1. What fraction of the DSSP beta bridges in the range 152-220 is antiparallel, stated in percent and rounded to the nearest 5?
2. Which whole number in µm²/s is D for the chain by Stokes-Einstein, with the Kirkwood Rh taken over Cα pairs at 20 °C and 1.002 mPa s?
3. Could you work out the Kirkwood radius for the range 1-103, taking every pair of different alpha carbons, averaging 1/r and inverting it, reported in Å?
4. Quick one: with all protein chains in place, what share of the accessible area of the chain is carbon or sulfur, to the nearest percent (1.4 Å probe)?
5. Which cross-chain or sequence-distant (5 or more) residues have an amide H under 5 Å from the amide H of residue 16, H modelled 1.01 Å from N in plane?
6. Summing +1 for each Lys or Arg and -1 for each Asp or Glu, what net charge is found among the other residues whose Cβ lies under 14 Å from the Cβ of residue 101?
7. Evaluate the charge dipole of the chain about its Cα centre and quote only its size in Debye, nearest 20, assuming +1 on the Cβ of each Lys and Arg and -1 on the Cβ of each Asp and Glu.
8. Between beta-carbons, use under 12 Å as the cut-off and find the net charge around residue 195, counting Lys and Arg +1, Asp and Glu -1.
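The values are calculated or read from the model by the stated rules, or taken from the named source; none is laboratory data. Owing to the predicted nature of the structure, the values given are computational and were not obtained by experimental measurement. Every residue, glycine as well, gets a Cβ built from its backbone with ideal geometry; the counts of neighbours run over all protein chains shown. Areas reflect the complete protein model, heavy atoms only, side chains present, ligands, DNA and RNA absent. Shrake-Rupley method; radii C 1.70, N 1.55, O 1.52, S 1.80 Å.
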Amino acid sequence: MLQIKGLNAGYKELHILFDVNATIDRGITAFLGPNGSGKSTLLKSIFGLTTIYSGKITYNGKDITSIPPHKKTRMGISYLPQVDNVFPNLSVRENLIIAGYTLEKRELKERIDAVLTIFPELERLMSRKAGVLSGGERQFLAIASSLIRNADVLMLDEPTAHLSAEVSSQVFSKIADLRDKLNLKIAIVEQNIHGVLEISDRANFMVGGRIVFSGKPQELLERLKHAQ
């Protein structure tokens, strides 16, 4: 279980998040809201990429607020930014190998074989440079790379940004598979509200750096409809 309590955070003197409380404990937890509402900053704060002014982040009961990102990765927390989440000049195979650089050779092969069963689309692309992949293929590679590190909590920042409706649907389907087949805890920031709410187990809506709604996805959808 990952819990955020009374979190105030930002970038040096720029205060972005105000008294945020949230829980990522099962299934898919969505964080939605208008641009500039603090969604991406929340994921970055959990991973250790912002300035924490006050509050606490705990993971399985352990205070991880001040733990650096590389140690959080080893604990099973993985964060995929919206951009720059693969090495474009390296092949798909090389990206996967680098993702598992801390693993023994045998374990790395086992992990790569395992992720290819979830993302079989990548198998025929192993020798291709990541930079020439389609947007959807690149996202599959980015997510697969995080799984090489044996993640327990996967945080995704707008994984369907700039993708077509058809490809976005495929990405959402894969994310749902990760929850159902691997029992991953997934936190996802998205602008595609309807698409992400279809697969989410819990939804949060942020405005001005605060969570103003937390509950069932269908309830949030109904509120948003009435607000239009």
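1. Values: 5 of 10 bridges.
Taking every DSSP beta bridge with both residues in the range 152-220, the antiparallel ones total about 50 percent.
2. Working: Rh = 18.0 Å.
D = 119 µm²/s.
3. Numbers: mean 1/r = 0.0666 Å⁻¹.
When all Cα pairs of the range 1-103 are included, the Kirkwood radius is 15.0 Å.
4. Carbon plus sulfur share of accessible area: 50 percent.
5. Correct list: 9, 10, 11.
6. Working: positive: 74, 93, 105, 109, 111, 149; negative: 94, 104, 107.
Combined, the nearby Lys, Arg, Asp and Glu give +3.
7. On the way: 29 positive and 24 negative charges, 103 e Å.
Result for the chain is approximately 500 debye, rounded to the nearest 20.
8. Details: positive: none; negative: 158, 166, 190, 198.
Net of charged neighbours comes to -4.
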